[in-house]
Amino acid sequence: MPSLKDLRNRIKSVQSTRKITSAMKMVAAAKLRRAQEQAEAARPYAERMERVLASVAGRLKGSSDAPRLVTGTGKDDIHLVIVATADRGLCGGFNANIVKAARNHIRKLLADGKTVKILCVGRKGRDSLRREFRDKIIDLVSFAGQKRLTFADARGISLRVTEMFEAGEFDIATIFYARFRSAMAQIPTAQQLIPVALPEEAAQDEKAGPQALYEFEPDEESILEALLPQNLAIQIYKTLLENAAGEQGARMSAMDSATRNAGDMINKLSQTYNRQRQANITKELIEIISGAEAL
C-alpha cells in the first residue's frame with residue numbers, strides 16, 4: 001500500500017494534469033469558433049463550384065477535347081491517396097478514424113492489384129501509416145507551428161498533385177479527411193479529386209431527361225481548362241478547413257473528458273489518503289493506550 005507521502009505526491013501530480021487539460025480545453029474552444037466559422041463559410045462556395053463544374057464536365061465526358069482532369073487517363077492502375085490529418089495529437093480518435101478509413105481503402109486497392117502512392121498532409125497520418133506502408137509514402141506536407149491555414153497552402157498542394165498527374169505518376173487521386181459536423185462528431189470522408197467525380201445530383205439530372213441548354217463564352221473546354229485547377233485548390237482548401245475545425249472540436253471534447261476523469265481520480269485518491277491517515281491515527285492511539293495500560 002502506498003504511503004501518505006506517495007498519495008500526496010500523486011494527488012498533486014493529477015491536480016497539475018487537470019490544470020493543463022482544463023487550459024487546453026479552453027484554448028481549443030476558443031480556436032474552434034474561428035475554425036468552425038471558416039469551414040462553414042467555405043462549404044457553400046466549394047460545393048456549388050463542384051456541382052457547376054461537374055455539370056459542365058458531364059456533357060463533355062465523351063468528348064475528345066475534354067480536359068484530362070475530367071476524363072482522366074482512361075486507366076485506374078495507379079492511385080494517389082491523400083491522407084489529411086492533424087500535426088498534433090491529444091484530440092481523441094480524430095486522427096485514428098481518418099487513418100483507419102484510408103488504410104482500409106489502401107488495403108482494398110492493393111488486394112485488387114493496384115499501385116498506391118500516399119501523400120500525407122499532417123504528421124499524425126504519416127506516423128500511423130508508415131508502420132505498414134512506409135515504402136508507399138511519397139511525401140509529407142506539414143503545417144506544424146502555423147497559426148492559420150491560408151488558400152496559398154491549399155494551392156501549393158494542388159499544384160503538386162496537378163504536376164504529378166500531368167507527369168503520368170497516377171491515374172486517380174482521392175483525399176481522406178474528417179467532415180466537421182459538431183464538436184462531438186467528425187465524419188471520416190473520402191472525396192475523389194481527379195478525375196472530377198460526377199455528384200449524384202448531376203447524375204440524376206442527366207437521367208431525368210432533356211435539360212436546359214446553356215451557351216458558354218468562351219467554349220466549355222476553355223472554361224474547364226481555367227476553372228478545374230482552381231476547383232482542385234478550392235476542394236483541398238475546404239478539406240483543410242474541415243479538418244482544422246474537426247481537430248479543435250475533438251480536442252475540446254477529449255480535454256473535457258480528461259479534466260473530468262482527473263477530477264474523479266483526485267476524489268478517489270483523496271478518499272484513500274483520508275482513510276489511510278485515519279487508520280494511522282487510530283493505530284497510534286491504540287499503541288499509546290496499550291502502552292499506558294501496560295504501565
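Just one of the listed residues (107, 51, 34) is of a type in the set (D, E, K, R), assigned to a helix (DSSP H, G or I) and at pLDDT below 80, and it is 51.
Of all residue pairs spaced 6 or more apart or on separate chains, those with beta-carbon atoms under 8 Å, a first member in the range 249-269 that is farther than 18 Å from residue 181 by Cβ and open to solvent by 40 Å² or more (accessible area, probe 1.4 Å) and a second member that is assigned to a helix (DSSP H, G or I) and modelled with pLDDT under 95 are 265/14.
Here the range 234-268 is the region considered, the condition is being within 12 Å of the chain's Cα centre (by Cα) and among the small types (Gly, Ala, Ser), and the residue that is farthest from residue 37 (Cα to Cα) is 250.
Tell me whether the range 123-135 contains one or more residues that are touching a residue at least 60 places away in the same chain (Cβ under 8 Å) and either closer than 30 Å to residue 35 by Cβ or acidic (Asp, Glu) (or both). Give the derivation first.
Narrowing the range 123-135 to residues touching a residue at least 60 places away in the same chain (Cβ under 8 Å): none.
Scanning the range 123-135, I find no residue that is touching a residue at least 60 places away in the same chain (Cβ under 8 Å) and either closer than 30 Å to residue 35 by Cβ or acidic (Asp, Glu) (or both), so the answer is no.
Report whether or not residue 99 is of a type in the set (A, V, I, L, M), within 11 Å of the chain's Cα centre (by Cα), in a strand (DSSP E or B) and under 15 Å from residue 188 (Cα atoms). Considered against the rule, which asks whether it is of a type in the set (A, V, I, L, M), within 11 Å of the chain's Cα centre (by Cα), in a strand (DSSP E or B) and under 15 Å from residue 188 (Cα atoms), residue 99 comes out as no. One residue stands out in the range 188-246 among those that are in a loop (DSSP other than H, G, I, E, B) and open to solvent by less than 50 Å² (accessible area, probe 1.4 Å): the one that is modelled with the highest pLDDT, namely 195.
Applying the set (1) surrounded by fewer than 19 Cβ atoms within 10 Å (Cβ to Cβ); (2) within 29 Å of the chain's Cα centre (by Cα); (3) modelled with pLDDT under 90 to residue 2 leaves exactly one unmet item: (2). Consider the range 158-174 and keep the residues that are assigned to a strand (DSSP E or B) and among the β-branched types (Val, Ile, Thr). The one that is surrounded by the fewest Cβ atoms within 10 Å (Cβ to Cβ) is 174. Of all the numbered requirements in (1) of a type in the set (Ser, Thr, Tyr); (2) more than 16 Å from the chain's Cα centre (by Cα); (3) within 21 Å of residue 38 (Cβ to Cβ), residue 115 misses one, and that requirement is (3). In the condition set (1) surrounded by fewer than 18 Cβ atoms within 10 Å (Cβ to Cβ); (2) in contact with an Asp or Glu (Cβ under 8 Å, 6 or more places away or on another chain); (3) in contact (Cβ under 8 Å) with a residue 60 or more places away in the chain, residue 177 is compliant with all but (1). In the range 1-31, the qualifying residues are those that are part of a helix (DSSP H, G or I), without any contact (Cβ under 8 Å) to a residue 12 or more places away in the chain and hydroxyl-bearing (Ser, Thr, Tyr), and the one that is farthest from residue 183 (Cα to Cα) is 13. If I filter the range 138-151 for residues that are in a helix (DSSP H, G or I) and closer than 21 Å to residue 34 by Cβ, do I get at least one hit? Yes, that holds for at least one residue. For residue 73, the conditions (1) in contact with a helix residue (DSSP H, G or I) (Cβ under 6 Å, 6 or more places away or on another chain); (2) at pLDDT 75 or above; (3) outside any helix (DSSP H, G or I) are fulfilled apart from (1).
Within the range 141-157, which residues are surrounded by fewer than 16 Cβ atoms within 10 Å (Cβ to Cβ) and on the phi < 0 side of the Ramachandran plot? Walk me through it before giving the result.
The first filter runs over the range 141-157 and keeps only residues surrounded by fewer than 16 Cβ atoms within 10 Å (Cβ to Cβ), leaving 142, 144-148, 150-152, 156.
Those that are surrounded by fewer than 16 Cβ atoms within 10 Å (Cβ to Cβ) and on the phi < 0 side of the Ramachandran plot: 142, 144, 146, 147, 148, 150, 151, 152, 156.
Output yes when any residue across the range 43-55 is within 25 Å of residue 221 (Cα to Cα), among the acidic types (Asp, Glu) and in contact with a helix residue (DSSP H, G or I) (Cβ under 9 Å, 6 or more places away or on another chain), and no when none is.
Yes, the range 43-55 contains a residue that is within 25 Å of residue 221 (Cα to Cα), among the acidic types (Asp, Glu) and in contact with a helix residue (DSSP H, G or I) (Cβ under 9 Å, 6 or more places away or on another chain).
The values are calculated or read from the model by the stated rules, or taken from the named source; none is laboratory data. Computed from a predicted model, the values in this text were never measured in an experiment. Note that we place each Cβ from the backbone using ideal geometry, even for glycine, and neighbour counts take in every protein chain shown. The area values use the complete protein model at the heavy-atom level, side chains included, leaving out ligands, DNA and RNA. Shrake-Rupley method; radii C 1.70, N 1.55, O 1.52, S 1.80 Å.
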